[in-house]
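The values are calculated or read from the model by the stated rules, or taken from the named source; none is laboratory data. What you see is a predicted model; the values in this text were computed from it and never measured. Cβ atoms come from the backbone with ideal geometry, glycine included; neighbour counts cover every protein chain shown. Surface areas here come from the heavy atoms of the whole protein model, side chains and all, with no ligands, DNA or RNA. Shrake-Rupley method; radii C 1.70, N 1.55, O 1.52, S 1.80 Å.
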Amino acid sequence: MNAPFIPESAPFSPDQRAWLNGFFAGVFSRAPAGTQPASLPSAPELKPLTILFGSQTGTAESLAKQMAKEASKRGFVPTVIDLAQFSLAKLASEKNVLIITSTYGEGEPPDNARAFHAALGAAAAPSLNGLRFSVCSLGDTNYTLFCQAGKDFDTRLEKLGATRVHARADCDLDYEAPFRAWLDASLSALGHNSSNAPQLSASPQIKNQESEIKNEGGFSRTNPFSAKVLGVHLLNGTGSAKEVNHVEFSLEGSGLSYEAGDALGVYPRNCPQLVSEILAALNCDGEEAVSTPAGELPIRTALTQNFDLGKPTPDLLEALGLSASPTILDVLDALRAASPASLTSLRSEMSNAAKVSSLLKKLQPRLYSISSSPKAHPGQVHLTVGAVRYEVGGRARKGVCSTFLAEQAVALGTTGVFVHSNKAFRPPASSDIPMIMVGPGTGIAPFRAFLEERIATAAKGKNWLFFGDQKSSADFLYRDELLGWKESGLLARLDLAFSRDQAEKIYVQQRMRENAAELFAWLEQGAHFYVCGDASRMAKDVDAALHDVIVQAGGKTADEAAAYVQNLRAAKRYQRDVY
């Protein structure tokens, strides 16, 4: 018997080897003269699959790539496409589509999906009969319009005649398990056939996207690196109403790398005082065992490190007989008023692994824009974090991670971190391209990194920064650095807006309008426009000001200005890191 063309040691599956051996046997027939070669085995059909993503900070983009890898194993030819680069006309010609999108702000689609979202909702949207689809939506249940962008896509696609092959998945911050379940069911519904599908041409195609961050140490969101806290120092001066801290971590020995524009995920711990109050209300000494995803732990440790003590879950409210949507303070009051028998029952439920996961959500990491360039600070990563403190019902409340960094991180010594890639927020690829950056308050963070990057790479492009806060005497974050960069020429322009330094409040968007002619000239020269900060007010006001600048200085109508801005977005010249 003749040896096969493709030996078993070759890096192919049995099905791939069989198909290849049959192919080569036909091409180089070994049959005796006058005989017919055996018929070739038919190659299994591979199904095309389009994976679309709407991503503000990179999570949906990363998951889209994971979807493509899994789909390629199941007999699909997947193509991953940024929604900013996909038209509704193209969608009408597709057969199999999976969409994954985040939601940000007040139920809005991410920036790269805004134009597609608007087109899909328009009265002139085409019929999508023949399209099979499913949607995965990423969100945060702490927001009222949870996963709204994904809900909008899902509803509208069905109204236009598309067939939903699997129910939409609405994923909270702990998205890994529901995402995996949705992906498996959706691929199954689209008709995968993993038993005989060769992978020869089914590798995922990633259009205009870079590869994911390489992590030598294997550290990630699910396996954070225990980073040494190098220091935390206050950036505000005397008389400030704010508390913004500069936080530095060491990444030595982690294998983690990052780029300017990325974010750092930080795993916090809950406030010890709040934990003690809950334990007192439960009449616990803190040593009682409870079940957690990390195994059985003393209840004090679990409440400190593992469980979210913010918005109560529906199951916890039901267990306490609360029908409204109270704060954790209301829950504490309910616990204090509960009978001893009720408290005993609740503690018993918390020793049950299945029940405790519904009573208390898992404590999630927080993402912060990185405020350092790795080229300027090798082996380190810096953050600029505003500590959140406020009152509810006369009781002091704290932002979980921001006050953890301010109060506990240095004493603790280390905390879990990971790098979150955000390829949608990067300095220009060419160092000659001008940058316009709008970053009031802690929105300055990524632009400190951008400017450090410009120094380290000897970039020639002009840089213009709009910065603002409340008082110049107390809230001029990184004052010495910014003024030094202005003096050196790194910053061609530094426009400041301190709202409380005069009777009439002044904000960065007003400075933009005051300099409309020059700002538009920079845009016409190819400048990239960046915004970082609050999504609900500042970012919307800056966007409105940008439209006004284009109308005023560019001599365009409102519709022409909107098209101009959309072209900036499509060309990735208008990028936002908003929250």
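Note on region 121-140: residues that are open to solvent by 20 Å² or more (accessible area, probe 1.4 Å) and within 15 Å of the chain's Cα centre (by Cα) amount to 1. Identification of helices (runs of 4 or more DSSP H) wholly contained in region 402-480 with 3 or more residues that are over 23 Å from Gln380 (Cβ atoms) yields 472-475.
Can you tell me which residues in region 341-354 are in contact with a strand residue (DSSP E or B) (Cβ under 9 Å, 6 or more places away or on another chain), part of a helix (DSSP H, G or I) and surrounded by 15 or more Cβ atoms within 10 Å (Cβ to Cβ)? Reasoning before the result, please.
Quick first cut of region 341-354, residues in contact with a strand residue (DSSP E or B) (Cβ under 9 Å, 6 or more places away or on another chain) only: 347, 350-354.
Narrowing further to those that are part of a helix (DSSP H, G or I): 347, 353-354.
Passing the criteria: only Arg347.
Check whether at least one residue in region 505-524 is closer than 18 Å to Gln575 by Cα and surrounded by fewer than 16 Cβ atoms within 10 Å (Cβ to Cβ), and report yes or no. Steps first, please.
Going through region 505-524, the residues closer than 18 Å to Gln575 by Cα turn out to be 508-509, 512, 519-520, 522-524.
Filter again for surrounded by fewer than 16 Cβ atoms within 10 Å (Cβ to Cβ), leaving 524.
Yes, because at least one residue in region 505-524 is closer than 18 Å to Gln575 by Cα and surrounded by fewer than 16 Cβ atoms within 10 Å (Cβ to Cβ).
The residues on offer are Val400, Val392, and the sole one that is of a type outside the set (D, E, K, R), touching a residue at least 24 places away in the same chain (Cβ under 8 Å), in contact with a Cys (Cβ under 8 Å, 6 or more places away or on another chain) and open to solvent by 30 Å² or more (accessible area, probe 1.4 Å) is Val400. Condition check: in contact with a Gly (Cβ under 8 Å, 6 or more places away or on another chain) and among the aromatic types (Phe, Trp, Tyr). Does Tyr530 satisfy that? It is true that Tyr530 is in contact with a Gly (Cβ under 8 Å, 6 or more places away or on another chain) and among the aromatic types (Phe, Trp, Tyr).
Checking the conditions here, which among Asp475, Asp501, Asp480 is more than 16 Å from Met435 (Cα to Cα) and in contact with an Asp or Glu (Cβ under 7 Å, 6 or more places away or on another chain)? Can you show your working first?
Working: Asp501 fails: in contact with an Asp or Glu (Cβ under 7 Å, 6 or more places away or on another chain); Asp480 fails: in contact with an Asp or Glu (Cβ under 7 Å, 6 or more places away or on another chain).
Exactly one of Asp475, Asp501, Asp480 is more than 16 Å from Met435 (Cα to Cα) and in contact with an Asp or Glu (Cβ under 7 Å, 6 or more places away or on another chain), namely Asp475.
Of all the listed residues (Ala197, Ala162, Ala149, Ala169), the sole one being touching a Lys or Arg at 6+ places or on another chain (Cβ under 9 Å), crowded, with 21+ Cβ neighbours inside 10 Å and at pLDDT 95 or above is Ala162. Assessment of region 462-470 against the conditions (under 24 Å from Gly261 (Cβ atoms), exposed (fewer than 15 other Cβ atoms within 10 Å of the Cβ) and not hydrophobic (A, V, I, L, M, F, W, C)) yields no matching residue.
Within region 367-392, can you find the residues that are in contact with a helix residue (DSSP H, G or I) (Cβ under 6 Å, 6 or more places away or on another chain) and small (Gly, Ala, Ser)? Residues satisfying the conditions are Ser369, Ser371, Ser372, Ser373, Ala376, Gly386, Ala387.
Rundown of residues vs (1) within 19 Å of Cys171 (Cα to Cα); (2) under 30 Å from the mean Cα position of the chain (by Cα); (3) open to solvent by less than 40 Å² (accessible area, probe 1.4 Å); (4) at pLDDT 90 or above, yes/no style:
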residue: Glu8; (1), (2), (3), (4): no, no, no, no
residue: Phe24; (1), (2), (3), (4): no, no, no, no
residue: Gln36; (1), (2), (3), (4): no, no, no, no
residue: Phe53; (1), (2), (3), (4): yes, yes, yes, yes
residue: Leu91; (1), (2), (3), (4): no, yes, yes, yes
residue: Glu94; (1), (2), (3), (4): no, yes, yes, yes
residue: Ala115; (1), (2), (3), (4): no, yes, no, yes
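Tally time: how many residues in region 355-381 are exposed (fewer than 15 other Cβ atoms within 10 Å of the Cβ), of a type outside the set (D, E, K, R) and in contact with a strand residue (DSSP E or B) (Cβ under 8 Å, 6 or more places away or on another chain)? Qualifying residue count, region 355-381: 1. The residues of region 85-107 that are in contact with a helix residue (DSSP H, G or I) (Cβ under 7 Å, 6 or more places away or on another chain) and farther than 15 Å from Thr50 by Cβ, listed by number, are Ser102, Thr103, Gly107.
Of all residues in region 447-456, at least one satisfies being in contact with a Gly (Cβ under 6 Å, 6 or more places away or on another chain) and buried (at least 19 other Cβ atoms within 10 Å of the Cβ). Where strands (runs of 3 or more DSSP E) fall wholly inside region 57-166, the ranges with 1 or more residues that are out of contact with any Ser or Thr (no Cβ under 8 Å at 6 or more places or on another chain) and over 28 Å from Pro312 (Cα atoms) are 76-82.
Name the residues in region 346-361 that are out of contact with any helix residue (DSSP H, G or I) (no Cβ under 8 Å at 6 or more places or on another chain) and modelled with pLDDT under 85, would you? Outline the logic, then answer.
Let us first name the residues in region 346-361 that are out of contact with any helix residue (DSSP H, G or I) (no Cβ under 8 Å at 6 or more places or on another chain), namely 348, 351-354, 357, 361.
Those that are out of contact with any helix residue (DSSP H, G or I) (no Cβ under 8 Å at 6 or more places or on another chain) and modelled with pLDDT under 85: Ser348, Ser351, Asn352, Ala353, Ala354, Ser357.
Quick one: which of Pro312, Pro293 is in contact with a Pro (Cβ under 7 Å, 6 or more places away or on another chain) and either at pLDDT 85 or above or not hydroxyl-bearing (Ser, Thr, Tyr) (or both)?
Numbers: Pro293 fails: in contact with a Pro (Cβ under 7 Å, 6 or more places away or on another chain).
On inspection, the qualifying residue turns out to be Pro312.
For the structure I just gave you, tell me whether Phe498 is surrounded by 14 or more Cβ atoms within 10 Å (Cβ to Cβ) and touching a Ser or Thr at 6+ places or on another chain (Cβ under 8 Å). Here the answer is yes, as Phe498 does meet what is asked. Taking (1) surrounded by 17 or more Cβ atoms within 10 Å (Cβ to Cβ); (2) of a type in the set (S, T, N, Q); (3) over 30 Å from Arg454 (Cβ atoms) in turn, Thr384 satisfies each apart from (3).
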